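Peer 1: Can you read through this structure? Questions will come right after.
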Amino acid sequence: MVRRQQGDRAVGRSVTRRTLRGVTATATSVGEPDRKQPQNAPATRAAARLLRLLPAVAVALSGVLLYVSFPPRALWWLALPAFAVLGWALRGRGWKAGLGLGYLFGLGFLLPLLVWTGVEVGPGPWLALVAIEAVFVALVGAGVATVSKLPGWPLWAAALWIAGEAARARVPFEGFPWGKIAFGQADGVFLPLAAVGGTPVLGYAVVLCGLGLYEVVRMAVHARRTGEVRRSAATVALLSVALPVLGAVAARPLVSDEAEDGTATVAVVQGNVPRAGLGFNAQRRAVLDYHARETQRLAAGVRAGKVDRPDFVLWPENSSDIDPFANPDARAVIDRAARAIGAPISVGGVVERDGKLLNEQILWDPDKGPVDTYDKRQIQPFGEYLPLRSLIGAINDEWTSMVSQDFSRGTEPGVFTMAGTEVGLVTCYEAAFDWAVRSEVTDGAQMISVPSNNATFDRSEMTYQQLAMSRVRAVEHSRTVTVPVTSGVSAIIMPDGRITQRTGMFVADSLVQEVPLRSSETPATRLGVAPEIVLLLVAAGGLGWAVGAGVRGRRAGGV
């Protein structure tokens, strides 16, 4: 009893001392404020604000880093740290934060990547396109943040990125796949994976490796600080980095430039244009004359024994914007060029038939004239047709005048039989769409031609980005790919993705080369859209798991 009373008194004294200290501290803070506090508090608040802004700044800069990994630079590996930083910023956050950070990442990436879209029409359409496309990246960011709490989260997160690309390739206005991660990997070690499952598998490997790289660093830092190694998490992190690399090495045998059906000597003609820009359409006859003149110059070189005689000749898109079916003069110019070279020519023309305007490739025989046609199926919104014409006209009449008449779509694949070779035609913008290229190969194409017209975009990076797409397509389907362009860069690409010849920009030139012909199908060709569907299911499974776990956690907390 005495001990208890003594204990109570001791406790009382202790409480009294704490109380007095508290009163003294309060009095000091009220009557005589600490001079250090006013000086340090603003600095502390500023530092806190900067720390809150750090993820936003980091993801925007990592988006720019991703852009730098794309052609014309051969810095494909920069995509890995770009996604590593994105993973750092999104891991463990809520979906709303992921939405905002994802949008900033999309802006950092797409603003510089797509600047060429405003070369001739001004910044308005460019900024509008980027603002819309970045929404898809924002949704991916929200999804990645949501699944980042799951075991093995990089596997689910990388699949979500591919889901976002799949959506962008289909909506709005039939989609805009430009900026697929796969298209930045033409020089990369992961390229052989294109032959396994096309652009979805190639893109998935790159994103997974980047996110896995962040996880490896995170696990290493954690182990150093605590001395604890989480084996399961460390294993997933290491596999996320190792599996894409090992998969690419295992896929190397699928990449070959050996001829299976003999060879063909092909000529790619770049006639050049009078001047860059949309205005060149006003000089359509000059463009046609330039390509005819370059073909005749090539024919003179063949007669002189300086150049091998080509089996067939490939002209670019829009090499004859004058309809040769309706204009006898244009027909005569093409006839003379075909007879001079003594080989069939694939001519890119603008043709009006049955009231429809068509972007058409015309197979022109030196003796019979036009014998076959292919009408472009994937036409470019705001370039070849104008969606929401009345609304856009109310905003700016100049934009509607640039596309005064909409082009119509073709419906059938285009494979020309040229001197016994089956040549698949993929016109310019179509090269960005998986289905458009694959359909020509499954229809029997032994090689692919991508006739294009990039003169509208001046000396921007657009032509190099499109050239990289063609290199990826060559590996994806194991086919030689030729790229005849009005103003450059024209090129010949082997089935292994190597460029063997190329032209400069805004010069008249021609390329002649014996190329391998192939008829076997890669796994990517045979599987078609199946790998993309599998990755979409993985993304949906991860998102469903994460959302379900969150709902169960909230219910348990409520109980």
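The values are calculated or read from the model by the stated rules, or taken from the named source; none is laboratory data. Bear in mind that the values here come from a model prediction, so they are computed numbers and not experimental data. With ideal geometry, Cβ positions are generated from the backbone for all residues, glycine too; neighbour counts draw on all protein chains shown.
Peer 1: Cβ-Cβ below 6 Å, separation at least six or inter-chain, first residue in the range 220-239 and free of Cβ contacts under 8 Å to residues at least 60 places away in the same chain, second assigned to a helix (DSSP H, G or I): which pairs?
Peer 2: Close Cβ pairs satisfying both conditions: V229/A223; A234/M219.
Peer 1: Considering only residues that are of a type in the set (D, E) and under 18 Å from V403 (Cα atoms), look in the range 341-390 and name the one that is surrounded by the most Cβ atoms within 10 Å (Cβ to Cβ). Outline the logic, then answer.
Peer 2: The first filter runs over the range 341-390 and keeps only residues of a type in the set (D, E), leaving 352, 354, 360, 365, 367, 372, 375, 384.
Right, trim to under 18 Å from V403 (Cα atoms) and you get 352, 360, 384.
Values: E352: 14, E360: 27, E384: 19.
If we take residues in the range 341-390 being of a type in the set (D, E) and under 18 Å from V403 (Cα atoms), then E360 is surrounded by the most Cβ atoms within 10 Å (Cβ to Cβ).
Peer 1: Here is a follow-up. Within the group D434, D406, which residue is of a type in the set (D, E, K, R), surrounded by fewer than 17 Cβ atoms within 10 Å (Cβ to Cβ) and touching a residue at least 40 places away in the same chain (Cβ under 8 Å)?
Peer 2: Details: D434 fails: surrounded by fewer than 17 Cβ atoms within 10 Å (Cβ to Cβ).
Within the list D434, D406, the selection yields D406.
Peer 1: With respect to the numbered conditions (1) outside any helix (DSSP H, G or I); (2) touching a Leu at 6+ places or on another chain (Cβ under 9 Å), which one is the sole condition not fulfilled by L150?
Peer 2: Going through (1) outside any helix (DSSP H, G or I); (2) touching a Leu at 6+ places or on another chain (Cβ under 9 Å) one by one, L150 breaks only (2).
Peer 1: Could you list all residues from the range 71-89 that are assigned to a helix (DSSP H, G or I) and under 18 Å from the mean Cα position of the chain (by Cα)? First the steps, then the outcome.
Peer 2: Initial filter on the range 71-89 (assigned to a helix (DSSP H, G or I)): 76-89.
Hits for the range 71-89 are W76, W77, L78, A79, L80, P81, A82, F83, L86.
Rundown of residues vs (1) surrounded by fewer than 19 Cβ atoms within 10 Å (Cβ to Cβ); (2) touching a helix residue (DSSP H, G or I) at 6+ places or on another chain (Cβ under 8 Å); (3) under 24 Å from L202 (Cα atoms), yes/no style:
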position: I493; (1), (2), (3): no, yes, yes
position: S510; (1), (2), (3): no, yes, no
position: L517; (1), (2), (3): no, no, no
position: S520; (1), (2), (3): yes, no, yes
position: I533; (1), (2), (3): yes, no, yes
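Peer 1: So for the range 229-242 (the condition being farther than 28 Å from M447 by Cβ and not assigned by TED's automatic domain parsing to the domain that holds G122), does at least one residue qualify?
Peer 2: So in the range 229-242, the residues farther than 28 Å from M447 by Cβ come out as 229-242.
Within this subset, residues satisfying the condition of being not assigned by TED's automatic domain parsing to the domain that holds G122 are none.
So far as the range 229-242 goes, no, none of its residues is farther than 28 Å from M447 by Cβ and not assigned by TED's automatic domain parsing to the domain that holds G122.
Peer 1: Scanning for something outside the structural domain of I345 (by TED's automatic domain parsing), at pLDDT 95 or above and either farther than 22 Å from R473 by Cα or in contact with a Leu (Cβ under 7 Å, 6 or more places away or on another chain) (or both), does the range 530-538 turn up at least one residue?
Peer 2: Yes, the range 530-538 contains at least one residue that is outside the structural domain of I345 (by TED's automatic domain parsing), at pLDDT 95 or above and either farther than 22 Å from R473 by Cα or in contact with a Leu (Cβ under 7 Å, 6 or more places away or on another chain) (or both).
Peer 1: I've got another one for you. Scan G108, G100, G118, G124 and give me the residue that is among the small types (G, A, S), surrounded by 22 or more Cβ atoms within 10 Å (Cβ to Cβ) and on the phi < 0 side of the Ramachandran plot. Don't jump to the end; show me each part of the working.
Peer 2: Working: G100 fails: surrounded by 22 or more Cβ atoms within 10 Å (Cβ to Cβ); G118 fails: surrounded by 22 or more Cβ atoms within 10 Å (Cβ to Cβ); G124 fails: surrounded by 22 or more Cβ atoms within 10 Å (Cβ to Cβ).
Just one listed residue meets the conditions, G108.
Peer 1: Which of the numbered conditions does E120 fail, given that it passes all the others? Conditions: (1) at pLDDT 95 or above; (2) among the charged types (D, E, K, R); (3) in a loop (DSSP other than H, G, I, E, B).
Peer 2: All conditions are met except number (1).
Peer 1: Which one is surrounded by the most Cβ atoms within 10 Å (Cβ to Cβ) among residues in the range 182-227 that are in contact with a helix residue (DSSP H, G or I) (Cβ under 7 Å, 6 or more places away or on another chain) and not in a helix (DSSP H, G or I)?
Peer 2: Q185
Peer 1: Given the options E294, E360, E317, name the one that is in a loop (DSSP other than H, G, I, E, B) and touching a residue at least 12 places away in the same chain (Cβ under 8 Å). Even if it seems obvious, please write down each step before you answer.
Peer 2: Working: E294 fails: in a loop (DSSP other than H, G, I, E, B); E360 fails: in a loop (DSSP other than H, G, I, E, B).
One residue alone meets the criteria, E317.
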